[in-house]
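Undergrad: The structure's right below; bear with me while I get my questions together.
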Amino acid sequence: EAQVTQNPRYLITVTGKKLTVTCSQNMNHEYMSWYRQDPGLGLRQIYYSMNVEVTDKGDVPEGYKVSRKEKRNFPLILESPSPNQTSLYFCASSTLGTGNYGYTFGSGTRLTVV
Amino acid sequence: AQTVTQSQPEMSVQEAETVTLSCTYDTSENNYYLFWYKQPPSRQMILVIRQEAYKQQNATENRFSVNFQKAAKSFSLKISDSQLGDTAMYFCAFMRISRTGNQFYFGTGTSLTVIP
């Protein structure tokens, strides 16, 4: 089954404790992206990657890091989480270029930073 | 810059009735894609329907159809014969394609409740 696998689904952590949210896709998609979803703000892009070793900032990159060492994986790293990073996070992937069918999303990670 | 506006934060509809969710966007691009995504309480983001900007014909998927007005930059979603399972947050999204890759832009969402 074609899918984006995102883990964990729920995470509660304390301020300053480094964490990683994993994301893996099995569709050989070039493009991968991380979003955060907050009430009234919709989905805002954190980082994206067009291919291996190619990453770039989205609209809200502060406090986050990513890496793309393999085509299928795109982990999101919070080096020192803070309470304002409490949010619902989505990983998504897609092909590049025309004939695009949009994103396939992961199932989301509900992160709470206390 | 591209923007996507969903002016209806919340809507409700009686079961079996028809409802239309509005979406407008702003772009200077000529080649792009438009999407509607559904997010039920399970929070999974599910693609509902897709429209290619160069196609004049409105996309349809079973009970879901769009009214795509390119000149007006409008992309509304019509849900016919509403079902309880349609209760969800709906996001309109715009995607432009460039040499530097895809760029997605999302609206802030419309929360739809289907009333039994």
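Undergrad: Roughly how crowded by other chains is peptide B:102-112, in terms of the mean Cβ count from those chains within 10 Å of each of its Cβ atoms?
TA: Across B:102-112, the average partner-chain Cβ count within 10 Å equals 5.
Undergrad: Rounded to the nearest 0.05, what FRET efficiency is calculated for B:LEU47 and A:THR20 with R0 set to 25 Å and r the Cβ-Cβ distance?
TA: Details: r = 27 Å, r/R0 = 1.09.
With a Förster radius of 25 Å, E is 0.35.
Undergrad: Further, regarding this structure: Kindly provide the Kirkwood hydrodynamic radius of segment B:44-91 in Å, to one decimal, from all pairs of distinct alpha carbon atoms. Walk me through the intermediate numbers first.
TA: Numbers: mean 1/r = 0.0844 Å⁻¹.
After inverting the pairwise mean of 1/r, the radius is 11.9 Å.
Undergrad: Now for a separate question. Using a Gaussian network model of chain B whose springs link C-alpha atoms within less than 10 Å, name the residue from B:LEU84, B:LEU21, B:LEU34 with the highest mean-square fluctuation.
TA: B:LEU84
Undergrad: Send over the Kirkwood Rh of chain A, from the inverse of the averaged 1/r over different Cα pairs, rounded to one decimal Å. Intermediate values should be presented prior to the final figure.
TA: Details: mean 1/r = 0.0711 Å⁻¹.
Taking the inverse mean of 1/r over all distinct Cα pairs, chain A comes out at 14.1 Å.
Undergrad: Something else: From the backbone phi of segment B:74-88, what are the Karplus-calculated ³J(HN,Hα) couplings (6.51 cos²θ - 1.76 cosθ + 1.60, θ = phi - 60°) in whole Hz, Gly and Pro given as x?
TA: 3J(HN,Hα) across segment B:74-88, in whole Hz: 10, 8, 8, 10, 10, 10, 9, 6, 3, 10, 4, x, 7, 4, 4.
Undergrad: Let me ask something additional. Average partner chain C-beta neighbours within 10 Å, per residue of B:44-54? Can you show the working numbers first?
TA: Details: counts 5, 13, 2, 5, 0, 1, 3, 0, 3, 0, 1.
Across the residues of B:44-54, the mean count of other-chain Cβ atoms within 10 Å is 3.
Undergrad: Then there is this: Please list, or write none, the aspartates and glutamates whose alpha carbon is within less than 12 Å of the alpha carbon of A:LYS65, excluding same-chain residues fewer than 8 places away.
TA: Filter leaves A:ASP56, A:GLU79.
Undergrad: May I ask for log10 I(q)/I(0) of segment A:72-114 at q = 0.13, 0.17, 0.19, 0.26 Å⁻¹, from a Debye sum over the Cα atoms as equal point scatterers with solvent left out?
TA: Here the Debye-derived log intensity ratios amount to -0.41, -0.61, -0.70, -0.97.
Undergrad: For the protein assembly as shown, report the % of Cα-Cα distances exceeding 25 Å.
TA: Working: 10774 of 26335 pairs.
Considering the protein assembly as shown, 41 percent of its Cα-Cα pairs are separated by more than 25 Å.
Undergrad: Of A:LYS18/A:LYS71; A:LYS17/A:LYS71; A:LYS69/B:LYS73, which sit over 29 Å apart, Cα to Cα? Walk me through the intermediate numbers first.
TA: Working: A:LYS18/A:LYS71 24 Å; A:LYS17/A:LYS71 27 Å; A:LYS69/B:LYS73 39 Å.
Pairs exceeding the cut-off: A:LYS69/B:LYS73.
Undergrad: Build a GNM of chain A with springs between Cα atoms under 10 Å: which of A:GLY97, A:GLY58, A:GLY42 gets the top mean-square fluctuation?
TA: A:GLY97
Undergrad: Once label points are set 7 Å from the Cα along Cα→Cβ at both B:ASN30 and A:TYR10, what is their separation, rounded to one decimal in nm?
TA: About 5.2 nm, to one decimal.
Undergrad: At 10 °C and 1.306 mPa s, grab the translational diffusion coefficient of segment B:1-106 from Stokes-Einstein with a Kirkwood Rh over Cα pairs, rounded to a whole number in µm² per second.
TA: Values: Rh = 14.3 Å.
The Stokes-Einstein estimate is 111 µm²/s.
FYI, it's all coordinate maths here, none of it is from the lab. Everything quoted here is computed from the prediction, not taken from an experiment. Cβ coordinates were reconstructed from backbone atoms using ideal geometry, including for glycine residues, and neighbour counts include every protein chain displayed.
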